[in-house]
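Notes to accompany the following structure.
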């Protein structure tokens with residue numbers, strides 16, 4: 001999961017995707033989920049709005065720390081979901097191959113940074129609404145490889 005600074009959208013998407021995959025594939029599946037930012041400062045905590053939006057959903061992301069997306073990270077990922085179309089282009093530029101693995105979640109997810117808690121809650125809800133399609137794509141990609 002990729003966004004700009006890796007402190008709002010992608011940490012929320014990472015946590016929500018983990019839960020959605022647990023629900024779909026069962027606990028103990030082999031799918032690794034991570035997130036990074038196209039312009040992140042490594043080691044930053046999530047924004048307070050993201051933390052609160054996830055707490056409302058029973059998920060604790062307080063210990064999450066941001067990571068800047070590197071070519072190596074992108075190259076190791078089987079599928080990369082970006083929050084915006086511009087990020088898709090940027091991530092594809094990092095890759096020498098496998099550019100078709102990079103996509104949006106189905107539509108752009110606006111950045112809530114600088115807005116109030118209602119914006120974070122709305123973005124978390126938007127991410128949740130887009131995840132069924134993402135989970136279907138991941139399950140189809142994995143096919144018989146799911147443990």
- Task: Check region 40-59 and report whether any residue there is more than 22 Å from residue 112 (Cα to Cα) and touching a helix residue (DSSP H, G or I) at 6+ places or on another chain (Cβ under 7 Å).
- Result: no
- Item | Count of residues meeting criterion [more than 15 Å from residue 38 (Cβ to Cβ), without any contact (Cβ under 8 Å) to a residue 60 or more places away in the chain and either in contact with a helix residue (DSSP H, G or I) (Cβ under 7 Å, 6 or more places away or on another chain) or assigned to a loop (DSSP other than H, G, I, E, B) (or both)] in region 66-98 | 3
- Which members of region 103-120 meet the condition of being within 16 Å of the chain's Cα centre (by Cα) and either part of a helix (DSSP H, G or I) or free of Cβ contacts under 8 Å to residues at least 40 places away in the same chain (or both)? 103, 104, 106, 107, 108, 110, 120
- Determine which member of the set 25, 69, 94, 16 is crowded, with 21+ Cβ neighbours inside 10 Å and either modelled with pLDDT under 95 or within 17 Å of residue 121 (Cα to Cα) (or both). 16
- Query: Residues 142, 130: which one is part of a helix (DSSP H, G or I), surrounded by 15 or more Cβ atoms within 10 Å (Cβ to Cβ) and modelled with pLDDT under 95?
  - Reply: 142
- Task: Identify all residues within region 35-51 that are surrounded by fewer than 15 Cβ atoms within 10 Å (Cβ to Cβ) and within 17 Å of the chain's Cα centre (by Cα); write none if there are none.
- Result: 39, 41, 42, 43
- Please specify each residue of region 35-65 satisfying the condition of being part of a helix (DSSP H, G or I) and in contact (Cβ under 8 Å) with a residue 60 or more places away in the chain. 49, 50, 52, 53, 54
- Item | Qualifying positions in region 1-34 - free of Cβ contacts under 8 Å to residues at least 40 places away in the same chain and more than 12 Å from the chain's Cα centre (by Cα) | 22, 23, 26, 27
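The values are calculated or read from the model by the stated rules, or taken from the named source; none is laboratory data. This structure is a prediction, so every number in the text was calculated from the model and none was measured. All Cβ positions, glycine included, derive from the backbone under ideal geometry; neighbour counts span all protein chains shown.
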